[in-house]
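Structure first, then comments.
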Amino acid sequence: MTLKKEDDNLNNFNINKLTYESALSFHSLTITCIIQLKDGRLVSGSKDKRIIIYIKEIFTKSFEINEHTEEISSLLQLKNQFLASSSFDKYIKIFKINENNYEIIQSIKAHDNYIHKIRELSNGNLISCSLDKNIKIFNLENGIFIENFKFIEEKWVCNILETIPLNLVAAHINIMGNINLHFYDLIKRKVIKILFGLEVAFVDTLEMISKNLLIIGEIEYLTLINVETYENIKNIKIGNILISVCYKLNDNILLTGDVVGNIKQWKIEDNNIILENIKEKAHKKGITSIIKLQNNKLATSSIDKSIKIW
């Protein structure tokens, strides 16, 4: 089963009926992130410090990028079509991806410690967060640093997400080892609200599933938060298997991956999600990424060093 183009709302989608068509094993360590470029090529980053570009639709390695000295923490394609990467080596790098090679456009020493996540804001600026307790904003046209938010009282910042234009949620690990969610207004340059003490195991579960609804995976729960009222709307019991990644497939379907390699399909309904199907042991080990491809297939990556195309 593949995702049919004619089913725009994917009403008949069933994760349990998917079968994988190919498994890509070009990395030597955990694959941390995968994205698809607008030209259809798949890109992966890994703890082995490499970024790999794959041939479109064939899904075999085209070439690799070896410009980072520590593990790759996140990848994204910018609005100007360049590829941006962040790493535990404290650098953000911007690449032009050609047919068979690449060019380095910018190399930014962005932080004083591990960079966990980069995102592109709706105004075109790049935002990053780090183990050095900072959130930084950069102008990508000239690579100039614009603004910094630093939080001495927190241990580090581990994820960031734009909820509505120029409003930001950031996940901070506090001194107790739990997560505090900070909500920012980037125009007024101030913290709007802080939600304290969420028991979050994997911060890659931070995802907007509707216009005003944020989801984050806590220990034994998926928690839904209204980003307009900052209220905890619902806690969905998930048991003792930790969710490692959340991915909104469309307006009706949420997919989650867990630490033992299962993928679950949830129906998004008003201020709730309802479990519909489970793909058990989609990978041998924990899921690190789930994305929908342009050819209406899924790609998943794992701690088991593989990417699977479904």
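The values are calculated or read from the model by the stated rules, or taken from the named source; none is laboratory data. Computed from a predicted model, the values in this text were never measured in an experiment. Every residue, glycine as well, gets a Cβ built from its backbone with ideal geometry; the counts of neighbours run over all protein chains shown.
Within the range 273-289, residues that are without any contact (Cβ under 8 Å) to a residue 40 or more places away in the chain and surrounded by fewer than 14 Cβ atoms within 10 Å (Cβ to Cβ) sit with their Cβ atoms under 6 Å from residues that are charged (D, E, K, R) and part of a loop (DSSP other than H, G, I, E, B), at 6+ positions apart or across chains, in these pairs: LYS284/ASP304. Considering only the range 53-67, state which residues are surrounded by fewer than 22 Cβ atoms within 10 Å (Cβ to Cβ), touching a residue at least 12 places away in the same chain (Cβ under 8 Å) and not acidic (Asp, Glu). Residues satisfying the conditions are ILE55, LYS56, PHE59, THR60, LYS61, SER62, PHE63, ILE65, ASN66. Of all residues in the range 98-139, those satisfying the criterion of being within 22 Å of ASN167 (Cα to Cα) and aliphatic (A, V, I, L, M) are ALA110, ILE115, ILE118, LEU121, LEU126, ILE127, LEU131, ILE135, ILE137.
Among the criteria (1) modelled with pLDDT of 95 or more; (2) exposed (fewer than 15 other Cβ atoms within 10 Å of the Cβ), the one VAL191 does not fulfil is (1).
It is to be established whether one or more residues within the range 266-284 are among the polar types (S, T, N, Q) and under 18 Å from the mean Cα position of the chain (by Cα).
Within the range 266-284, the first condition is being among the polar types (S, T, N, Q), and the residues that meet it are 271-272, 277.
So of that shortlist, the ones also under 18 Å from the mean Cα position of the chain (by Cα) come out as none.
Scanning the range 266-284 turns up no residue that is among the polar types (S, T, N, Q) and under 18 Å from the mean Cα position of the chain (by Cα).
Exactly one condition in (1) modelled with pLDDT under 95; (2) of a type in the set (Asp, Glu); (3) surrounded by fewer than 20 Cβ atoms within 10 Å (Cβ to Cβ) is not met by ASP204; state its number. Condition not satisfied by ASP204: (3). I'm trying to understand the selection: among the residues of the range 37-52, which are within 15 Å of LEU83 (Cα to Cα), in contact with a Leu (Cβ under 8 Å, 6 or more places away or on another chain) and either among the β-branched types (Val, Ile, Thr) or free of Cβ contacts under 8 Å to residues at least 60 places away in the same chain (or both)? Answer for the range 37-52, where residues must be within 15 Å of LEU83 (Cα to Cα), in contact with a Leu (Cβ under 8 Å, 6 or more places away or on another chain) and either among the β-branched types (Val, Ile, Thr) or free of Cβ contacts under 8 Å to residues at least 60 places away in the same chain (or both): VAL43, GLY45, ILE51. Scanning the range 68-100 for residues that are on the phi > 0 side of the Ramachandran plot and either acidic (Asp, Glu) or exposed (fewer than 15 other Cβ atoms within 10 Å of the Cβ) (or both) yields a total of 1. Considering the range 155-166, and only residues there that are out of contact with any Ser or Thr (no Cβ under 8 Å at 6 or more places or on another chain) and surrounded by fewer than 18 Cβ atoms within 10 Å (Cβ to Cβ), the residue that is farthest from VAL227 (Cα to Cα) turns out to be LYS155.
Tally up the residues in the range 169-200 that are touching a Ser or Thr at 6+ places or on another chain (Cβ under 8 Å) and under 25 Å from GLY286 (Cα atoms), please. If you could, list the steps in order and put the result at the bottom.
At the first step, the residues of the range 169-200 found to be touching a Ser or Thr at 6+ places or on another chain (Cβ under 8 Å) are 169, 183, 198.
Those left that are additionally under 25 Å from GLY286 (Cα atoms): 198.
Going through the range 169-200 one residue at a time, the tally reaches 1.
A single member of ASN125, ASN139, ASN113, ASN174 is surrounded by fewer than 21 Cβ atoms within 10 Å (Cβ to Cβ), within 16 Å of LEU78 (Cα to Cα) and over 19 Å from the mean Cα position of the chain (by Cα), and it is ASN139.
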